[in-house]
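Report on one structure; see the data block that follows.
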Amino acid sequence: MFSYSTYLSLGCSFLALAANAAPATLATRASFSGCKTITIAAQTVPAGKSLALTNLADGTTVQLAGDISFGTGVHWTGNLFTLQGGKIIFNGNGHTINGNGAYYWDGQGTNGGVDKPKYTVELKISGSFTNVKVINVPGHAFSVQNPSALTISSVTYDNSAGAKLGHNTDGFDVSHSTDLTITGCTVINQDDCIAINSGTNVVFSNNSCTGGHGISIGSIKTGNVVNGVTISNNKVINNQNGLRIKTYADNNNASVSNVIYKDNTVTGATSYGVIIVQDYTNSGETGTATPGITIKNVSFQGTNSVSTTSSATMVKVLCYPGDCTGTWNWSGLKTSGGKKGTNVGGAPITGYTF
């Protein structure tokens, strides 16, 4: 199904109609059931409309033949570009998806202010997604909810134009994902490079994160489970935090387990190099960990080099007593530059001295 109807279908290629074409409603849909290859031409999607390809069949290839820009003039909350279906092969062919976020940026992001699209790219597929540039997002860049194995690679997300007023401009928001690999990507933004909120077998490797809040697991809320995460060979440059796990205060029935950090490099972290806390709220940390969410088996392997500014804290761990358990071998963590940290609540850390 396809929900942006101001298109002219030519087989399985889709071109924008002429400027004088009759307007169409967002609800109008056209079926792609017979298409194995879908090619999307360069165009500007009208303000207030999504480009959404849904119910795609296994084996479908979707490719961009030009840059996609989303029009402005309407403050609204719909996601901009959606792929939903089975095992899909997406190739952006190096083209750009432009959310024109400057029209929406007000310093509040999705926490308030004017209505703005939450996600610029929504992925509910398995298969592969590669070779595209995403710029100037109104809110978050990617929502990823893959039902089975998905590899995201060679994606550049550049939100540097939002340095002053962009907010909540997360790179990859991951939830309800299984067997997800994100590799070889570049993120320049003002919030989390990746936020893993729920999922199993997630690999984040060989990526570059600049200017945001760092690589994060969480925020973990009631009912969410993260199990099996490998974060390796990434570069985290001039972020607020380097490597982070955060669970919401006063939540329960949730867990984070089996997390491996391997051969990552963090430079210029301004608040914390490594931070693992169980007191998170939307307004920041409360200072008091609460029970109900467990964190088990967190290790640093290889050489993780974490350097902070002199005013930052190199490591902060705040757990509710008994809720951080298992094996926490941190012999692969080397920190420098900032203030010595603390381990409050008894996380069983070995191989690293605070």
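Quick note: the coordinates plus some simple rules give every number you see, no bench work behind them. All of these numbers come straight from a predicted model, not from anything done at the bench. Quick reminder, even Gly has a Cβ in these numbers, built from the backbone with ideal geometry, and neighbours come from all protein chains shown.
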Read-out volume of the Cα convex hull per residue in Å³, derived from the coordinates shown; its label in [x] 118; [y] 223; [z] 171: [x]
Cβ-based charge dipole, segment 37-350, positive-most Cα from Val121, Thr200, Thr44: Thr200
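Would you tally the net charge around Cys193, using a Cβ to Cβ cut-off of less than 15 Å, leaving Cys193 out, and scoring K and R as +1, D and E as -1?
-2
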Relative contact order computed over the chain (Cα-Cα under 8 Å; 6+ residues apart), in percent: 8
Listed residue (Ser283, Gly326, Thr309) projecting farthest to the positive dipole end of segment 37-350, Cβ model: Thr309
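When DSSP assigns beta bridges and you keep just the ones with both residues in the chain, what percent turn out antiparallel, to the nearest 5? Before the final figure, lay out the partial values.
Working: 8 of 133 bridges.
Roughly 5 percent of the beta bridges in the chain run antiparallel, per DSSP.
Less than 12 Å Cβ to Cβ from Ser232, Lys/Arg counted +1 and Asp/Glu -1: what total charge do the surrounding residues give?
On the way: positive: Lys235, Lys262; negative: Asp263.
Once all neighbours under 12 Å are counted, the net charge is +1.
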Rounded to whole Hz, the Karplus (6.51, -1.76, 1.60) HN-Hα couplings of segment 343-349, x for glycine and proline: 10, 9, x, x, 4, x, 6
Inter-site label distance for Ala163 and Asn55 at 7 Å from Cα along Cβ, in nm: 4.6
Which listed pairs, of Lys296/Lys316; Lys116/Lys246; Lys221/Lys340; Lys246/Lys316; Lys164/Lys340; Lys36/Lys124, have C-alpha distances above 21 Å, in listed order: Lys116/Lys246; Lys221/Lys340; Lys164/Lys340
Cα gyration tensor category, rounded, prolate or oblate, for segment 286-340 with a/c compared to 1.5: oblate
Dipole magnitude (debye, nearest 20) for segment 74-139, charges at Cβ of Lys, Arg, Asp, Glu: 220
Rounded D (µm²/s) - segment 242-354, Kirkwood Rh over Cα pairs, Stokes-Einstein at 4 °C, 1.567 mPa s: 93
Simple spin-label estimate for Lys339 and Ser175 in nanometres, 7 Å along Cα-Cβ: 3.4
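Quick one: putting +1 on the C-beta of Lys and Arg, -1 on the C-beta of Asp and Glu, what dipole do you get for the chain around its Cα centre, in Debye to the nearest 20? Don't jump to the answer; show the numbers that get you there.
Details: 19 positive and 16 negative charges, 62 e Å.
The calculated dipole for the chain is roughly 300 debye.
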Rh by Kirkwood over Cα pairs, then Stokes-Einstein D for segment 140-248 at 0.890 mPa s and 25 °C, µm²/s: 181
Computed label-point distance, nm, for sites Ala41 and Thr286 using a 7 Å Cα→Cβ extension: 5.6
